[in-house]
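Since every read-out is calculated from the coordinates, none of them should be taken as a lab result. Please read these numbers as outputs of a predicted model, since none were measured by experiment. In this analysis, Cβ positions are derived from the backbone assuming ideal geometry, glycine residues included, and neighbour counts consider all displayed protein chains.
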Protein chains: 2
Amino acid sequence: MESKNAIEALGALAQETRLAVFRLLVKAGAAGMTAGTIARTLEVAPSTLSSHLSILERAGLLQSWRVQRQIFYAADYDGVRDLLAFLTEDCCQGRPEICAPLAGSVAAPNRPTEKTGASR
Amino acid sequence: MESKNAIEALGALAQETRLAVFRLLVKAGAAGMTAGTIARTLEVAPSTLSSHLSILERAGLLQSWRVQRQIFYAADYDGVRDLLAFLTEDCCQGRPEICAPLAGSVAAPNRPTEKTGASR
DNA sequence: TCCATATTTCGACAATTATCGAAATAAAGG
DNA sequence: CCTTTATTTCGATAATTGTCGAAATATGGA
């Protein structure tokens, strides 16, 4: 994944409503949900939701398909996986022990000993 | 990690200059780099960089400390780890097989395929 | 103290984003 | 063909973000 795609995916998730949509669709699983149901569940105007859905889809995080009059959306796990891979590769840079996050708290070695909180 | 923090971290990385800063600092490792060096390396105005650095730091992705006249910045691996954990937990929702392939890039050790208790 | 260096804060501006109603498009069924 | 339902596109507006110069703050040295 190039960083341009990563930025698109990160930005897609970095917004309250869109993150809520994504989490909802992950819960919904492969069956997905229709645009209308999502809009009612999250209480956002259909046109607003539509814009968010297209941003998420363009970022590769959702898939959609039409069934009769309704359009279903579901989380696209490939997209998420790509994003996670980008972040871990970026983060780990040949030091897998640092980020191997999924195993749950691995003690972090080597951090600067003094924090100043120097800005602000 | 609550979703508010996650949104802050995602948003912090979802910007070209800031992602570049972060990647640069990951490469630099625990030694970190001074604000001035980062600014010269990435060719951004010091005041612009300063704003980006504070956004990244507020999001928990950087740490900073002063050494004499200069302020060093380094990637904060805890922050990244928290973000990754948030994303994977969100994404996997009881279906670890979906996102687990991430393990490939991180050399993650034996995760149980089923959690029996403790997960919040 | 005064000067030079390193960085941040402030203030302004342009660009982008989020929101939502109204109108347009798409599909199904009389 | 007309109506109803589901969704998107368009257009306007308010809010947020990214940028950078100028001024302010912090540090160290002569």
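B:K4: net charge of surrounding residues, Cβ under 15 Å, Lys/Arg +1, Asp/Glu -1, itself excluded? Cβ neighbours under 15 Å give a net charge of -2.
Could you calculate the FRET efficiency of B:E43 with A:A31 from 1/(1 + (r/R0)^6), where r is the beta carbon distance between them and R0 is 45 Å, rounded to 0.05? Don't jump to the answer; show the numbers that get you there.
Values: r = 49 Å, r/R0 = 1.08.
After rounding, the FRET efficiency stands at 0.40.
Spacing of the modelled spin labels on A:R58 and B:N5, each 7 Å from Cα toward Cβ, amounts to 3.1 nm.
Local charge for B:V21 was computed over the other residues whose Cβ lies under 14 Å away, with Lys and Arg +1 and Asp and Glu -1, and equals 0.
Summing Lys and Arg as +1 and Asp and Glu as -1 over all other residues whose Cβ lies under 12 Å from the Cβ of A:L56 gives a net charge of 0.
Take the Cβ atoms of A:Q68 and B:Q93, set R0 to 35 Å, and the FRET efficiency comes out at 0.80.
Ordered by the count of other Cβ atoms within 10 Å of each Cβ, fewest first, A:T88, A:T48, A:T34, B:T88 give A:T48, A:T34, B:T88, A:T88. Mean per-residue shielding of peptide B:13-19 is 5, counting Cβ atoms of other chains within 10 Å of each Cβ.
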